[in-house]
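**Q** Before anything else, here's the structure in question.
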Amino acid sequence: MAYKTAFTALADPTRREVFEQLRKGPSSVGEIARHLPVSRPAVSQHLKVLKEAGLVQDEPKGTARIYRIDPKGLAAIRAWLDRFWDDALETFKAEAEKPRSTDKENP
Amino acid sequence: MSEQPKIKVAPVRKSIEVRVPQARAFDVFTAGFGRWWPKTHHVAAVDMKDAVIEPRVGGRWYEVGEDGSQCEWGRVLAWEPPAHLRLSWHLNGKFQYDNDVESEVDIYFIAENANVTRVELEHRIMAPDAEALRAGVDSSGGWSVLLESFAKEAAA
């Protein structure tokens with residue numbers, strides 16, 4: 001599921017810093033590397049993981065690529081729980097509204 | 001500050017109306033937990049046979065596998081029949097039990113009238129992955145606050 005990838009991606013502290021930088025605004029690899037004690041290739045690698053996790057998007061701009069946060073990635077676990085509770089509460093309602101004679105039913 | 005970095009998302013909130021009295025709704029939710037919890041949603045590797053909420057503060061809630069093994073999900077934090085139940089759900093990003101992860105579910109049973117109960121649920125996820133906690137020494141103050149508003153916006 002998508003949410004697993006997102007949280008695994010953010011478990012790495014350096015990758016979180018890269019993600020943090022992008023929260024300040026869209027940036028190129030070079031701009032991010034300037035703000036962190038991390039090489040450009042390492043930043044590129046972190047961005048690749050973040051992109052695969054659905055946390056960032058990129059687009060070409062001249063010779064560089066500009067990275068920005070993809071708001072859908074972080075919301076994945078929330079969306080999953082949202083659907084999950086819809087399902088669970090529906091089955092709860094169905095059980096609660098069953099005729100009382102089935103109370104002690106224990107299949 | 002000993003506070004650890006936490007990734008927060010906006011709470012999940014649900015409301016559903018059930019056509020039974022408040023006490024009955026609470027009883028089915030808790031004592032009847034294993035009868036309604038979707039059997040597709042479980043944590044352990046073995047198939048789920050039953051699920052249990054122990055009826056007291058500090059009690060466990062857990063699933064029972066087909067082989068009789070138990071797999072704990074969390075603890076009962078508030079037990080106030082027939083109005084309120086609070087559970088901690090130690091669930092990490094890999095859908096595994098983890099004691100470091102804070103996630104809480106509040107369930108309120110509100111009597112609309114003698115025969116109708118509104119069930120309101122709020123699930124707060126404070127640390128979705130234990131790895132994020134263990135790895136965490138970077139503590140930028142605005143992280144969780146900003147991420148929360150960001151997630152809210154994303155989910156809107």
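Coordinate-derived values only; no laboratory data. Values in this document were obtained by computation on a predicted structure and should not be read as measured data. As a convention, Cβ positions derive from the backbone with ideal geometry for all residues, glycine included, and neighbour counts pool all protein chains shown.
**Q** Take peptide A:83-90, look around each residue's Cβ out to 10 angstrom, count Cβ atoms belonging to other protein chains, and average those counts.
**A** Other-chain Cβ atoms within 10 Å of each residue's Cβ, averaged: 5.
**Q** Quick one: if you stick a label point 7 Å off each Cα along the C-beta vector at B:A83 and B:V57, how many nm between them?
**A** Taking the two extended label points, one gets 1.4 nm.
**Q** On to the next question. Taking amide H positions as placed 1.01 Å from N in the peptide plane, with prolines and chain starts having none, which residues 5 or more places from A:S28, or on another chain, fall under 5 Å of its amide H?
**A** Here the answer is A:Y67, since their amide H atoms fall under 5 Å of that of A:S28.
**Q** Do the alpha carbons of any pairs in A:K24/A:K61; B:K14/B:K39; A:K51/A:K93; A:K93/B:K49; A:K51/B:K14 sit beyond 28 Å of each other, and which pairs?
**A** A:K51/A:K93; A:K51/B:K14
**Q** Quick check: pseudo-label points 7 Å beyond the Cα along Cα→Cβ at A:V38 and B:S69, how many nm apart are they?
**A** 3.7
**Q** When Cβ neighbours within 10 Å are restricted to other protein chains, what is their mean count per residue of peptide B:12-20?
**A** Mean shielding count: 5.
**Q** In nm, give the distance between the simple-model label positions of A:R23 and A:D87, each being 7 Å from the Cα along the Cα-to-Cβ direction.
**A** The modelled label-to-label distance comes out at 3.1 nm.
**Q** Take every residue in peptide B:34-40, count the Cβ atoms of other chains within 10 Å of its Cβ, and give the average of those counts.
**A** Counting Cβ atoms of other protein chains within 10 Å of each residue's Cβ and averaging gives 5.
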